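Novice: Submitted below is the structure of interest, expressed as structure tokens.
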Amino acid sequence: PISGTMTVDGTTIDGNTASGAAADNGGGGIYNLNAGTLNITNATISNNIANGTAGSGGGILNDGLAVTINNTTITTNTSALEGGGIWNNTGTITIDTNSILNANVAQGVAADNGGGAIYNSAGTVNVTGGSITNNTALGTSGSGGAIFNDLGATLTVNGTTITGNSSNRAGGGIEGRATGGVSTINLTGVSLNGNTTNTNPGNGGGLHMTGPGIVNITNGTVNNNTAGAEGGGLWNGSGTMTVDGTTIDGNTALGAAADNGGGGLYNLTGGTLNIMNATISNNMASGALALGGGILNDGLAV
């Protein structure tokens, strides 16, 4: 039914496959469609695959109204394109305390593919507590090892651990894309630690914003992340990033060129970076000609 409601409680959904080839096909474990509402509690969603040519949402694809996820583990799911664990279109996904997203993989090769655990296409994703760990944007130019927040999307994360995630292009932990639209990311009390983006080109080990997006980071930590080129911890594009009361420690930017660096933070020409009440310590721009162990401001004033 167009406005159906489904509740999944205490259930394991494991080893299922969706092979559709259309752009919104996928949902290896669950597909929520139209004005549908999906409530998931005390469940395990694992080893599901969205493997069509445009397969997204290895564990869950939300093309409906709303999904709520409580005390649930979403693990080792795979998508051919985006959202190894979860793919959200224009609806709202709410993930509550004690949920775990671990070791999911998005295989899409383009720069706007990725989101190992979560891909938020144009909707709203709210995450509170729990952990998002060891997820991968595996494709050649895949971004957002843990989360990809695309055009018109809003991501809000509170008190969550995001660690051990990786990507090849950008955003080892989180990628935002605001080219031609708005992308808003709000992190409060988040542990964004130990994430990696590799060398294609490798920007924003913890978080990367492409274009004029909005990023607000309050309290929490951005520690021990690594970028293959720039912004070991954080990388800001041409929008506004505000960092308040946050510890940025032990991050590394590996790029060797003279315009690489920003071990802790990188601010691109045209971007606005506001830093308040923060601690920026023990970061490194380790490349041969790299600049800015703590911060590299490539253009306008901080």
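The values are calculated or read from the model by the stated rules, or taken from the named source; none is laboratory data. Treat the numbers as computed from the prediction; the structure is a model and nothing was measured. Virtual Cβ from ideal backbone geometry, glycine too; neighbours counted across all protein chains shown. To get the accessible areas, we keep the full protein, side chains included, count just its heavy atoms, and leave off ligands, DNA and RNA. Shrake-Rupley method; radii C 1.70, N 1.55, O 1.52, S 1.80 Å.
Novice: For the stretch 249-302, just say rounded, prolate or oblate: build the C-alpha gyration tensor, square-root its eigenvalues into a ≥ b ≥ c, call rounded for a/c under 1.5, and beyond that prolate if a/b exceeds b/c, oblate if not.
Specialist: Cα axes put the stretch 249-302 in the oblate bin.
Novice: When ranked by the protection proxy of mean other Cβ atoms within 10 Å per residue, highest first, what sequence do the peptides 77-89, 101-113 form?
Specialist: Per-residue Cβ counts within 10 Å, averaged per peptide and sorted highest first, yield 77-89, 101-113.
Novice: Can you give me the long-range amide H partners of GLY270? Hydrogens built in the peptide plane at 1.01 Å from N, cutoff under 5 Å, separation of 5 or more residues or another chain.
Specialist: So GLY270 has HN proximity to LEU300.
Novice: Let me ask you something else. Roughly what would the spin-label model give for SER19 and MET6, points 7 Å off Cα along C-beta, in nm?
Specialist: My value for the distance between the label points is 2.0 nm.
Novice: May I pose another question? Non-local amide H neighbours of THR17 (under 5 Å, H modeled in plane, Pro and chain starts lacking H): which ones?
Specialist: Sorted by chain and number, the residues that satisfy this are ILE49.
Novice: Indicate the gyration tensor shape class of the stretch 44-173 (rounded, prolate or oblate), computed on the Cα atoms with a ≥ b ≥ c the square roots of the eigenvalues: a/c under 1.5 is rounded; otherwise a/b larger than b/c is prolate and the rest oblate.
Specialist: Verdict is rounded for the stretch 44-173.
Novice: Per residue, how much accessible area does the chain show when a 1.4 Å probe rolls over the protein heavy atoms, in square angstrom? Present the calculation step by step, with values, prior to reporting the outcome.
Specialist: On the way: 9910 Å² over 302 residues.
On a per-residue basis, the chain sits at 33 Å².
Novice: Give me the number: length gained by fully extending VAL109 to VAL182, i.e. 0.36 nm times residue separation minus the C-alpha to C-alpha distance, one decimal in nm.
Specialist: Gain on stretching VAL109 to VAL182: 24.0 nm.
Novice: Okay, next question. Starting from 0.36 nm per residue, how many nanometres of slack lie between SER281 and ASN34 once their C-alpha separation is accounted for?
Specialist: Stretched out fully, the SER281 to ASN34 stretch lengthens by 84.1 nm.
Novice: Here is a further query. For the stretch 157-289, rounded, prolate or oblate, judged on the Cα gyration tensor with a ≥ b ≥ c (square roots of eigenvalues), a/c < 1.5 rounded, else prolate if a/b > b/c?
Specialist: Here the stretch 157-289 falls in the rounded category.
Novice: Can you pull the percent of the chain's accessible area that's carbon plus sulfur, 1.4 Å probe, other chains left in place?
Specialist: On the way: 5070 of 9910 Å².
Carbon plus sulfur share of accessible area: 51 percent.
Novice: How large is log10 I(q)/I(0) at q = 0.15, 0.16 Å⁻¹ when the Debye formula is applied to the Cα atoms of the chain, each weighted equally and without solvent?
Specialist: Here log10 of I(q) over I(0) equals -0.99, -1.11.
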